[in-house]
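The values are calculated or read from the model by the stated rules, or taken from the named source; none is laboratory data. Not measured: the values here are computed from a predicted model. Cβ sites come from the backbone with ideal geometry, for glycine too, and all protein chains shown count toward neighbours.
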Amino acid sequence: MPTNYQTAVMLIIGAVIGAGVFGIPYSMSQSGILFGILNLIFVGFIVLSMTLFMGEIVLRTKGKMQFTALAEKYLGKWGKWTMFFSMAIGIYGALTAYLVGIGESITHLLGGNPIIYSIIFFVLATPLIYFGLKTVTKVEFGLSAFLVAIFIIISISLLPHLKFQNISYNNPKRALYPYGVILFATLGYPIIPEVTMILKRNEKKIMSAIAVAMISCLSIYALFSVSMIGTFGENVSEIATNSLKGTLGDLGTIVAILAMATGFLALGIVLKDVYHLDLRINPKLSWGLVILIPMLIFISFSPSFITAILLTGTYSGGLAGVISALMVKEARKKSELKPKYVVPGGNFLIYFSIAVFVFGIIYQTIRIFA
């Protein structure tokens, strides 16, 4: 039986690793591995700080609260609605990306029209969101462990095929391209209240559990991306496993489809519950709000998989990051409990984090409209 500490680490890894990882190799191929790894290290550090902030906030607060309630407690109504808006952007963006990615992955596997496959999946999946099958989240957690194994197997199998010219290529003009995709793929902060409950009798280890889990995820991302880019170079697909051929390729594509499908269902159920339980909207309207918006985005804008997760990561992660930094600043002033850890770096790290997230939002906005 795993210890509570091991369970907490695996829970965080399961929350972080999802369908976003399939887009990291393509995003890094646009900048080159050097800039890609620098992005991974830098974004990983900022998201680690943000996640630790979230843990500290929970430890300073009496009772069990989710982050919308915590944001309201420490920042007021505007904090609550900004945090909710951040979560909504993140979930709607992810749902849209998964619709696109599932269609493209099934087409890669079977041939045909990806839009048709996306619509078929949408028709089959949305009733499950309405009924709120709780087993979906359990399947998603189990699948995350399977994903880790698949990434390692794929990476090791590709190592003999690495080409120097692919690894040495760099494009300074697109040095920041991976930022939003990596941010999307590293966000796992909503699971932190659950982690604090698991380690309630050993809260001193929460900081260690977060750090170990995040470093493990970043290491897997780096290994997977280097092996994919080293083998396929700029030809790596937006959904990386679609670049693979043969049995391994089919397995990778099937795993990608499963990851996106379970992610679509789990996130849809979470957002429906937020509308229904937190905002007191009736179940049918809550369900309608969840399913109609991503389909309208999908039909109206036809975003690519990589564009959807890049924009979602930048805006959703950026807003959540700013709010987390402001919350921890207020929580340190109004602390109800003495936390078992305090994130080092003081106000400098708080303001530095805010500056990074704001810069990311501004930079991405300029890229879109310039």
Quiz item: Just for segment 331-349: of the residues that are crowded, with 18+ Cβ neighbours inside 10 Å and in contact with a Phe, Trp or Tyr (Cβ under 8 Å, 6 or more places away or on another chain), which one is farthest from residue 75 (Cα to Cα)?
Solution: 343
Self-check item: Residues located in segment 272-291, provided they are under 19 Å from residue 261 (Cβ atoms) and among the aliphatic types (A, V, I, L, M)
Solution: 290, 291
Quiz item: Restricting attention to segment 315-330, which residues are touching a residue at least 60 places away in the same chain (Cβ under 8 Å), over 15 Å from residue 82 (Cα atoms) and under 25 Å from the mean Cα position of the chain (by Cα)?
Solution: 328
Quiz item: For segment 170-190, what are the residues that are surrounded by fewer than 20 Cβ atoms within 10 Å (Cβ to Cβ) and modelled with pLDDT under 90?
Solution: 190
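To keep it simple, each residue is scored yes or no on (1) among the β-branched types (Val, Ile, Thr); (2) in a helix (DSSP H, G or I); (3) at pLDDT 95 or above; (4) closer than 30 Å to residue 167 by Cβ.
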residue	(1), (2), (3), (4)
35	no, yes, yes, yes
38	no, yes, yes, yes
46	yes, yes, yes, yes
56	no, yes, no, no
63	no, no, no, no
69	no, yes, no, no
81	no, yes, no, no
84	no, yes, no, no
Quiz prompt | Residue among 281, 362 that alone is without any contact (Cβ under 8 Å) to a residue 12 or more places away in the chain and touching a Phe, Trp or Tyr at 6+ places or on another chain (Cβ under 7 Å) | solution = 281
